[in-house]
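One structure is given below, encoded as structure tokens.
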Amino acid sequence: MFESSAQPRVFAEAPGVDFPEALVQGLHTRAAAHRPEALARVQLVVNTRRMARRVRELFDAGPPCLLPQISLITDLGETQDLSRLPPAIPPLRRRLQLTQLVSRLLDQQPDLAARSSLYDLSDSLADLIDEMQGEGVPPQAIRDLDVSDQSGHWHRTQQFIAIADQFIGADELDVQARQRKVVENLIQRWEIAPPQHPIILAGSTGSRGTTLMLMEAIARLPQGALILPGFDFVQPASVWSGLDDALLSEDHPQYRFRKLMRGLKLEPKDIRPWTDSQAPSPARNRLVSLALRPAPVTDAWMSEGAQLTDLPEATKGITLVEAPSPRAEALAIALRLRQAAEDGQTAALITPDRMLTRQVSAALDRWSIIPDDSAGLPLQLSPPGRFLRHVAGLFVHRLDGEALLTLLKHPLCHMGGARGDHLRQTRDLELDLRRYGPPFPDIEGFQAFAARRLAGQVEIPPSWLTWLNNCFVDQQVSKELSLAQWVERLRTLAEAISVGSAQNNDSNLWDKNNGQKAHEVFRKLEEEAEHGGRMTARDFADLIGAILADEEIRDRDTPHDHIMIWGTLEARVHGADLLILGGLNEGSWPEAAKPDPWLNRQMRDAAGLLLPERRIGLSAHDFQQAVCAEEVWLTRATRSDDAETVASRWVNRLTNLLSGLPDQGGPEVVKEMQARGQHWLDLSDALEETSAIAAATRPSPRPPVAARPRRMSVTEIKRLIRDPYAIYAKHVLRLKRLDPLVQAPDALLRGIVVHEVLEKFIAETTEHPETLTRKAFLAKAGALLDELVAWPTARKLWLARIERIADAFLLSEQQRRALASPIAFEAKLKQRLDPLDFELVGRADRIDQDTRGDLYIYDYKTGAPPSAPQQSKFDKQLLIEAAMAEEGGLEGMDPMQVAGAVFIGIGGSFKEVPAPLDKEPPAKVWAELRELIEAYFDTEQGYTARRMLHSDADVGDYDHLARFGEWDRTTDPTPEDLT
């Protein structure tokens, strides 16, 4: 197929050319002069499976012919005699072995690194070992580096890298080590007996050492050839010669080709076109080539920029979308993809930004368009992936309501049968947990729930309760277990939760596409578990999350034939009419270089390893290949969620070069590119546009008098004064705030507990006055905190607060005892306001009585007690309790005179605030209360929202219902008569 040549045979196609199509066209052209079976003798080696599929599709499309032997680079040599090479060990096994070794090293020398970095260090060390094997760098090359380090960092680094000695050169070969051995053996065979049939390696840039070694060997074969994608034929020789220094040029798109040419002793002129196919826009190829020159020679913009005289032709197929937000960018892309689908165009979104692809997919879903996403969804985000991570979390933390209900509501939970009944019982359990607790569900809590439901004439199936107890209670494990034990425990528990309480059913956890992939990953983990050693529950949960995150799964739904989402590597395989290069911001495309905890750039270069800029250079080549296609979109968001973004360096270079060519109309073509993009942004704005909705008015509902509340507690009078709408929502609409699912040691619980402590302590000291001591007080507080508070940290903090105010409280208590004696705790209050048909109820925390029969009312406050002026105007709780006591409202007592009422503040500090009984005598308070209640029995009186709140920052339970925020306190209330 090829003429004899003393020079290595290297062909290429220019950026923008449909590489697979040109590859097949060139093969047909060269095979036409030979017998039909000549094409079947060709061994075609490509770098990705997608490339192999596309080449096969192009051959299938005709004309009829015998097919060449198509294989991947990683498959090359597998047909040879490799009996002396053992199979590569699974990557998971190597990862587990490295994790154990790093863990032991951290145990021995904790100062080397934080324990939390175990998996990150193991992964980065695995990457380093993989790279050393792929590039053929022995550990000795790193040990021999001349490093002057006063901080000791290099010594610590060498202790980690020494771990690599156990794996590099060992009998067990990693995937990269085995692939290099295969290639080395293959090259040795070729040196002895070079194959005479054509061997063509197409589509690779030689970015890895093993691949580069194979490419050089194939190029030297009698009938071997390389076909390079996206080779810049218009780049001057002077620029090519400036790409020799990796430290300066590794990030250039053509650097890898220059490295290959140096290895083959070729010059740019020796690289021949594979076909006579022209790039869609040669003018654009020249423009992009100049824009992407290496930084040291960008002065060529001044000298060569004047030669770019056809800028309108070069940019007519480019649309520049600079969206104000990622959402706007995704919506504009989705609109263009939808247009392509309607017009029958093939279109591909190319981006490394997975968040952008998910947003685009979500936007396309409104038109029922499912793109063919080559990457798919990370397995950890799939239903079985999330389910397994949640189940593993049960081993780590004490069970709380959130973890329990997250699993109970998961679609893979209780799939064995009667799922409808399960969901109904789960809903009832959630409401019960929100109202009654406990904060950490247990067997007693589930039994109490069942008893409460039975009291309401609803029976909870015993089998469901047994299943809850067996699967969720006491799953936390504090000791270390072997990985095999953890895996068995996770599988058993996950399957039991998935089956549910139904009997004799199999688990559906591993069904369907997602489940099968998860089962495959889980099976591999079971096979390699013996290499994992012992670990804690936290380490195991992190390991499961990391393993699932490494796997991806394709959507099982049938995707659209013409709408695709690709990674940047697949820009080389493009055969689409429209290419959309999305997420063109620094940090996204190109992605930021990963920090290397082991070696800096100079050390990597000296050792023969790849530089961090390698990935940037590969991304630059993918960008150059894609941007030279016929129709291209360049999209970016000018602002992320929280900050301004920086445009990708390649977009910056392109627009800066054009803007600096005013004589050729450069600024005008940039504006035209932006205008084309703005058109689609305007369409996306129109799509998102909604009809204007008038702001809500400040509500002041006036329900019928018969529907207005006839009973309120004393503490609600303050709310009636400050926020009448809250009383309307609670008593008329009968809406109650939903309690939080995860109970926390908040101010409400602290108030309840402290009240209980004081009540029990005062009651005991009334019978035994000698126990009125600090020691007894703190002992009682500690005992009740242990009993009532489930959070150890909260117990210690609250006990410390009680200790801080203990002396002041006990001193004041002695003064109160000298004045009067306690006669009631949590005393019930009930009094009717006749003839209004209204009843007022409440509870007094504590009531004392002196020798004359006068009463003293006390109320404990864990927050700040209200001042005397606040009590006079708004917080009338104590004043009303005093009035009720004098009106005979104390249950079991006759009307008695109240000599005093005091708020006892026991928060961060001790404070007493008396009620202003002298300025607000009970008779006056009772008359004003009657007047207040009577006013709300007037049909003209509305329940105005936030009528007299202390500040705008105060939050009410019903503010969202009143649509506060659409109005403020300056807005006049709008009365509304209700029926």
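Readers should treat all values here as calculations from the given coordinates under stated rules, not as data from a laboratory. What you see is a predicted model; the values in this text were computed from it and never measured. Glycine gets a Cβ as well: all are built from the backbone with ideal geometry, and neighbour counts include every protein chain shown.
Using unit Cβ charges (K, R positive; D, E negative) and no other charged atoms, how large, in debye to the nearest 20, is the dipole of segment 315-446 about its Cα centre?
About 100 debye.
For Ser71 and Arg220 in one chain, what is 0.36 nm times their gap in residues minus the Cα-Cα distance, to one decimal in nm? Don't jump to the answer; show the numbers that get you there.
Values: separation 149, 0.36 × 149 = 53.64 nm, distance 1.96 nm.
Taking 0.36 nm per residue and subtracting the Cα distance, the gain is 51.7 nm.
Students often get this wrong, so check it: of Lys760/Lys828; Lys718/Lys873; Lys736/Lys828; Lys775/Lys796, which have C-alpha atoms separated by over 19 Å?
The pairs that break the limit, which is 19 Å between Cα atoms, are Lys736/Lys828.
Pick out, from Val955, Leu433, Ala448, the residue whose Cα sits farthest towards the positive end of the charge dipole of the chain, with +1 on the Cβ of Lys and Arg and -1 on the Cβ of Asp and Glu.
Result: Ala448.
Calculate, in nm to one decimal, what Asp739 and Gln108 gain on full extension: separation in residues at 0.36 nm each, minus their alpha carbon distance.
222.4 nm
With n ≥ 4 as the cut-off for DSSP H runs, can you work out [θ] at 222 nm for the chain, using -39500 (n - 2.57) per run divided by the number of residues, rounded to the nearest 500?
Helix-only estimate at 222 nm: -14000 deg cm²/dmol.
Specify which labelled value, from (1) 125, 64, 63; (2) 114, 80, 54; (3) 89, 80, 60, agrees with Cα extents along the principal axes in Å derived from the coordinates of the model shown.
Identified label for the calculated read-out: (1).
Quote the charge dipole size of the chain about the Cα centre in Debye, to the nearest 20; the model charges only the Cβ of Lys and Arg (+1) and of Asp and Glu (-1).
For this selection, approximately 860 debye.
Which order do peptides 422-428, 631-637 fall in by mean Cβ count within 10 Å, highest first?
Working: 422-428: 17.3, 631-637: 24.6.
For the peptides 422-428, 631-637, the packing ranking is 631-637, 422-428.
Ile350's amide H: which non-local residues (gap 5+, or another chain) put their own amide H closer than 5 Å, with H modeled 1.01 Å from N in plane and none for Pro or chain starts?
For Ile350, whose amide H was placed from the backbone, the distant partners under 5 Å are Trp566, Ile580, Leu581, Gly582.
Take the Cα of Asp957, step 7 Å along the line toward its Cβ, and report every residue of segment 814-850 whose backbone nitrogen sits under 12 Å from that point.
none
What lysines could a cross-link reach from Lys524, if we take a straight Cα to Cα line under 23 Å and drop same-chain neighbours fewer than 8 places away?
Once the sequence-local lysines are set aside, what remains near Lys524 is Lys512.
Using modelled backbone amide H atoms (1.01 Å from N, in-plane), which distant-in-sequence or interchain residues come within less than 5 Å of Lys861's amide H?
Placed amide hydrogens put Ile904, Gly905, Ile906 under 5 Å from Lys861.
Write down, largest first, the equivalent ellipsoid semi-axes of segment 739-801 in whole Å, where each equals the square root of 5 times an eigenvalue of the alpha-carbon gyration tensor. Let's see the in-between values first.
Working: eigenvalues 122, 29, 12 Å².
For segment 739-801, the ellipsoid semi-axes come out as 25, 12, 8 Å.
Angle check, please: helix 49-60 long axis (alpha carbons) against the longest principal axis of the chain (alpha carbons), in degrees 0 to 90, nearest 10.
Once rounded, one gets 50 degrees.
Only loop residues by DSSP count here, and only those with at most 10 other Cβ atoms within 10 Å; note down the chymotrypsin sites (Phe, Trp or Tyr not before Pro) in segment 510-598 that meet that.
Working: sites: Trp510, Phe522, Phe540, Trp566, Trp598; in loops: Trp510, Trp598.
In loop regions of segment 510-598 (DSSP not H, G, I, E or B), there are no sparsely surrounded chymotrypsin sites (Phe, Trp or Tyr not before Pro).
On a straight-distance basis, which lysines could pair with Lys316 in a cross-link, Cα separation under 22 angstrom, same-chain partners fewer than 8 positions away excluded?
Lys316 reaches Lys671.
Using a Cα-Cα cut-off of under 17 Å, which lysines could be cross-linked to Lys269, ignoring same-chain neighbours fewer than 8 residues away?
Filter leaves Lys259.
Over all pairs of distinct alpha carbons, what does the Kirkwood formula give as the hydrodynamic radius of segment 379-553, in Å?
16.8
Less than 14 Å from a label point 7 Å out along the Cα-to-Cβ axis of Lys873: which backbone N atoms in segment 702-728 qualify, by residue?
Taking a point 7 Å out along Cα→Cβ of Lys873, the residues of segment 702-728 whose backbone N falls under 14 Å are 721-723.
Would you work out which of Leu335, Tyr943, His197 lies farthest towards the positive end of the dipole of the chain, given +1 charges on the beta-carbon of Lys and Arg and -1 on that of Asp and Glu, about the Cα centre?
Farthest along the dipole direction, towards plus: His197.
Find how much the distance from Thr974 to Leu932 grows on full extension, using 0.36 nm per residue of separation minus their present alpha carbon separation; answer in nm with one decimal.
Length gained, Thr974 through Leu932: 13.1 nm.
Just order 194-204, 795-805 by mean Cβ neighbour count inside 10 Å, highest at the front, would you?
194-204, 795-805
What is the packing order of peptides 468-479, 19-30, taking the mean over residues of other C-beta atoms within 10 Å and listing the highest first? Could you put the intermediate results ahead of the total?
Numbers: 468-479: 16.0, 19-30: 21.2.
With the highest mean Cβ count within 10 Å placed first, the list reads 19-30, 468-479.
From the C-alpha coordinates alone, can you work out the Kirkwood hydrodynamic radius of segment 272-382, in Å?
Details: mean 1/r = 0.0576 Å⁻¹.
Result for segment 272-382, one decimal place: 17.4 Å.
Nothing charged except the Cβ atoms of Lys and Arg (+1) and of Asp and Glu (-1): what's the magnitude of the dipole of segment 379-553 about its Cα centre? Round to the nearest 20 debye.
With Lys and Arg at +1 and Asp and Glu at -1, about 540 debye.
Could you pull out the pairs from Lys780/Lys924; Lys730/Lys830; Lys181/Lys265 whose alpha carbons sit more than 31 Å apart here?
Among Lys780/Lys924; Lys730/Lys830; Lys181/Lys265, the Cα-Cα distance tops 31 Å for Lys780/Lys924.
When only alpha-carbon atoms are used, what values of Rg and Dmax, in angstrom, describe segment 91-133?
For segment 91-133, the Cα-based Rg and Dmax read 10.3, 29 Å.
When DSSP beta bridges are limited to those with both residues in the chain, what percentage is antiparallel, rounded to the nearest 5? Mind showing how you got there, number by number?
Numbers: 28 of 81 bridges.
If we restrict to bridges inside the chain, about 35 percent are antiparallel.
Using alpha carbons only, how many angstrom separate the centre of segment 292-345 from the centre of segment 841-883?
74
Relative to the longest principal Cα axis of the chain, at what angle does helix 118-135 sit, 0 to 90 degrees, rounded to 10?
Result, in degrees: 0.
I'd like the FRET efficiency for Gln7 and Thr309, computed as 1/(1 + (r/R0)^6) with the beta carbon distance as r and R0 of 30 Å, rounded to 0.05.
That pair, Gln7 with Thr309, gives E of 0.25.
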